[in-house]
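Heads up: the structure comes next, in structure tokens.
Just so you know, all these numbers are worked out from the coordinates, no wet-lab data involved. These numbers come from a predicted model, not from an experiment. Here the Cβ positions follow ideal geometry from the backbone for every residue, glycine too, while neighbour counts run over all protein chains shown.
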Ligand SMILES: Nc1ncnc2c1ncn2[C@@H]1O[C@H](COP(=O)(O)OP(=O)(O)OP(=O)(O)O)[C@@H](O)[C@H]1O
Ligand SMILES: [Mg+2]
């Protein structure tokens, strides 16, 4: 394992920018990402660092104003960026599922949840009307919705946020995808509900052996859930590591700040990560390290010279001048 | 909130002012990029000049005489040269040319259009002024004092029901009825159009006020104990003005169209006053013999109303913060 | 649901009374009376005027006049000032004339405006969108009768068919085919021409509604499910975008009276709008008032229907 051939999903040097009134917004600037079958990769970072954009780019679901400028996305040996739209559609929802950040608005208000689950089943599994309904009920049960036989005919507005997110998960796993991209699946939910949703995802993962890309800004969630972590800042990956190493020996000052901001006792308690200073706007990223203005250990060269992501030990890489060259030791 | 009023105020008060660019500047920058809206603005600037010139040159220093009747010279085509032998010297058009031809009485169409530009434009603006004033008043009252009880119903219910009543009349039919029953005069037309078209503005303003009432700077101003008049006129009206401006711009356009429709039915501004609407309405009888009598005012109305509509639409986009952030 | 309907009906009845009083006062307090329409008419002697005023109870105090009007209206005794004909049958006949024109125009508006608006939204910013946008603005900005005259000239010129009036005189004698073709021409052309403005307005509205919906999260969800683009637009987006248009059904019907004056005049179409116009010219108060009243009833009924329809199509809305 570990070789390029083994990766189920692989993103290389992804650059995405948006055309806006104010000019081109470089939202993602060179992201690399690899997920093996069955593993969980976490992507962490503050709001606006480009996590959702990365996920949407993988599925080619960016807004019309968004453009993939450079990079490659490979899934199971295919180049996703080179696929035709119908080929891409055949993958979405079948082999790659996605759960969105906002359960409240991600379900269509005018269709019953049964219809919305059934649609996926009709498209990818060709089920008839009866079977769809039965299968939808089974899926609702599977994601832990009580009285599924009644709930299946309800509309989204009749459900709580947590239940809507369960429905979203049911839609995403309906075809037993190989990869599930979960974009902050719990951010909009209460703390207790968050834990339930995460437990559900873990159980489903074990049962179906799917890979999960878990996007979050909560390192506590990462610790419980993932095997490997990518830390993103301002559209780039600043640190890549396995979970144990990251928590034991965080290298990037940003990762350290994130860890310090973590409430030490309860890993469930999701708090807004607060680090001094603010994320620079994508329109005015500095030429050097984007974190330099907030960095406690800033070096003279940080402002103008951009550090590259370099391995410091097996499975641990960081983009920071403090650690540059340490890997060659 | 009442516990620490000073604290509440401290932050939001400075907030909007710190921005490097005022919202108006931002909107203007957006608007400048909208080519159609800028074209509209250019046309309207020209129109304003024409209307000013119309007032001055046809009434105060009569260079173009819209009322001069020259029966021998009736229905002359545009750009035809006046025949000095058949027309009294004082009735000769400026430059000796009928720029846009003459009508069935030999009146100079260019002079009439020039005069009409002022009249038509003032009908649009006065009517919209009336409608905006009523709309802001009713919408503002019901948005700001909505909860105040008057006996068994609230101010809001009362005013909004009244708005519903007004909306339940078929507007054009109502305008027609009133205009037909009143003695024909340009002021009556302005007033009637204004009085029957404020409902949209009222609803807009009410909606804005309802949401503004909850916002920090208004809550802060109330907590500070500023007088209500000041809160409403200094803080809320300016913030609610953007959508009103948009609907007013479009309102001028539709008032001009309404006037022309009234003219068509014979209830518009009566001769000898010229408006584009009544020139057009009269011109339809000569559509074969003297097409310019019909097409000149028709095209003029089309261009000007289009300009108002495009500008209004451009303003809507430029002033809408939701669209701007995208 | 039923309590909602009943409450709305009661509310609207109260509104209706207010409206009718208002309309009555406006009409009666405005200067100008039926007896003065033609003061120069030498045959109209003062005693005639007195007789007319007497017959139409114009000397009674205004609130009594109102009571008489309402009473006569509901007993069907209300007569026109002009020809002494009962008002309701008169309006009914005209209504039957207006109806085909109205239905045909509405069908044209709805069948053209929706595809145009949707197509423009889907192709946002591209040639079709900009072209149709500009065309729509141009149509909205043209005085209706100006556009109509230009188009009539063009139609008569190119197709060489008569379009004014409900039928061509003398056609009744011809074969039934010719007769019906003639009727059809006389119906379709005016409908199409009077539909233009509606198409422009409605297609703009459809477009903006569509754009609003296409940006929603659930549309992205549909795409992430692998739904084909057409189904995303027509199933997921359109269903939501259509909701507000249900309310427009309610406002369609009153257009029968108010919106048609100009076009019925242009096409010499003896419908409701013309009736109202002639009534206004002749100060025929009973007809004016009754038309206004009916328009208000239709509007209020329309808003009620649209509220109820809204609850039917939008699962989020429940009245209880
Ligand atoms: N449609 C868009 N148009 C313009 N800019 C966009 C668009 N979508 C995202 N961006 C910009 O891209 C950057 C990254 O956004 P993204 O949604 O990926 O952040 P995120 O990491 O998911 O944050 P969050 O935790 O808030 O979800 C942001 O600066 C955002 O402003
Ligand atoms: Mg996100």
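What does the convex hull of the Cα atoms come to per residue for the stretch A:1-117, in Å³?
Working: hull volume 16.8 nm³, N = 117.
Spelled out: Cα convex hull of the stretch A:1-117, divided by residues, is 144 Å³.
Gain on full extension, evaluated as 0.36 nm per residue between residue C:13 and residue C:84 minus their Cα-Cα distance, stands at 22.6 nm.
How large is the convex hull of the C-alpha atoms of the stretch C:65-190 per residue, in Å³? Numbers along the way, then the final one.
Details: hull volume 26.5 nm³, N = 126.
Expressed per residue, the convex hull around the Cα atoms of the stretch C:65-190 is 211 Å³.
Residues C:60, C:264, arranged from fewest to most other Cβ atoms within 10 angstrom of their Cβ, appear as C:60, C:264. With respect to chain C, whose longest principal axis is taken over its alpha-carbon atoms, helix C:127-141 is tilted by about 10°.
Comparing A:225, A:247, A:111 in a Gaussian network model of chain A where C-alpha atoms under 10 Å apart are linked, the largest mean-square fluctuation is found at A:111.
The spread of Cα positions in the stretch A:82-233, taken along each principal axis and listed from longest to shortest, comes to 44, 40, 27 Å.
Averaging 1/r over every pair of different alpha carbons in chain A and inverting the result gives a Kirkwood radius of 20.7 Å. Spin-label model, residue A:37/residue A:203: points 7 Å from Cα along the beta carbon direction are separated by 2.6 nm. Helix A:113-125 sits at what angle to the longest principal axis of chain A, using alpha carbons and giving 0 to 90 degrees rounded to 10? The answer is roughly 80 degrees. Under 10 Å, Cα contacts only: if you run a Gaussian network model on chain B, which one of B:97, B:191, B:175 comes out with the highest mean-square fluctuation? Taking springs between Cα atoms under 10 Å, the residue moving most is B:97. Per residue of peptide A:109-121, the mean number of Cβ atoms on other chains within 10 Å of the residue Cβ is 4.
Share of Cα-Cα pairs in chain B beyond 25 Å, in percent?
Of all Cα-Cα distances in chain B, 61 percent exceed 25 Å.
Modelled spin-label separation between residue A:90 and residue C:29, with each label point placed 7 Å from Cα along the Cα-to-Cβ direction: 7.5 nm.
With the cut-off at under 12 Å, measuring from each backbone N in the stretch A:117-137 to a point 7 Å along the Cα-to-Cβ line of residue C:228 picks out A:123.
Fewest Cβ neighbours within 10 Å first, please rank A:321, C:180, B:60 accordingly. Mind dumping the intermediate values first?
On the way: A:321 19, C:180 12, B:60 8.
By the 10 Å Cβ count, ascending: B:60, C:180, A:321.
In Å, what Kirkwood hydrodynamic radius results for chain C from the alpha-carbon pair distances?
Working: mean 1/r = 0.0434 Å⁻¹.
In chain C this quantity evaluates to 23.0 Å.
GNM on chain B, alpha-carbon springs under 10 angstrom: the most fluctuating residue among B:74, B:55, B:149 is B:149. Across q = 0.15, 0.22, 0.28, 0.29 Å⁻¹, the stretch A:73-139 modelled as identical point scatterers on its alpha-carbon atoms has Debye log10 I(q)/I(0) values of -0.61, -1.01, -1.19, -1.22, in the order of the q list.
Distance between the pseudo-spin-label points of residue A:259 and residue A:72 (7 Å out from Cα toward the beta carbon): 3.4 nm. On the principal axes of its alpha carbon atoms, the protein assembly as shown extends 117, 72, 67 Å, with the longest extent given first.
Counting only other chain Cβ atoms within 10 Å of each residue's Cβ, the peptide C:224-235 averages 6. Between 0 and 90 degrees, the angle of helix C:285-313 with respect to the longest Cα principal axis of chain C falls at about 20 degrees. With both residues required to sit in the protein assembly as shown, DSSP beta bridges show an antiparallel share near 65%. When the Cα atoms of the stretch A:151-282 are aligned to their principal axes, the ranges along those axes come out at 50, 34, 30 Å in descending order. Report the paramagnetic label zone for residue C:212: residues of the stretch C:94-123 whose backbone N is under 19 Å from a point 7 Å from Cα along the Cα-to-Cβ axis. C:113-123, by backbone N distance to the label point.
For the stretch C:87-278, the average shadow cast by the Cα convex hull is 13.7 nm², which is a quarter of the hull's surface. Secondary structure note: in chain A, about 65% of the DSSP beta bridges are antiparallel. For peptide B:173-184, the mean count of partner chain Cβ atoms within 10 Å of a residue's Cβ comes to 6.
Over the stretch A:96-174, consider all pairs of different Cα atoms and compute the Kirkwood hydrodynamic radius from their mean reciprocal separation; express it in Å, one decimal. Each step should come with its number before you reach the end.
Numbers: mean 1/r = 0.0826 Å⁻¹.
Roughly 12.1 Å, rounded to one decimal.
Among C:71, A:316, the ranking by other beta carbons within 10 Å of each residue's beta carbon, starting with the fewest, stands as C:71, A:316.
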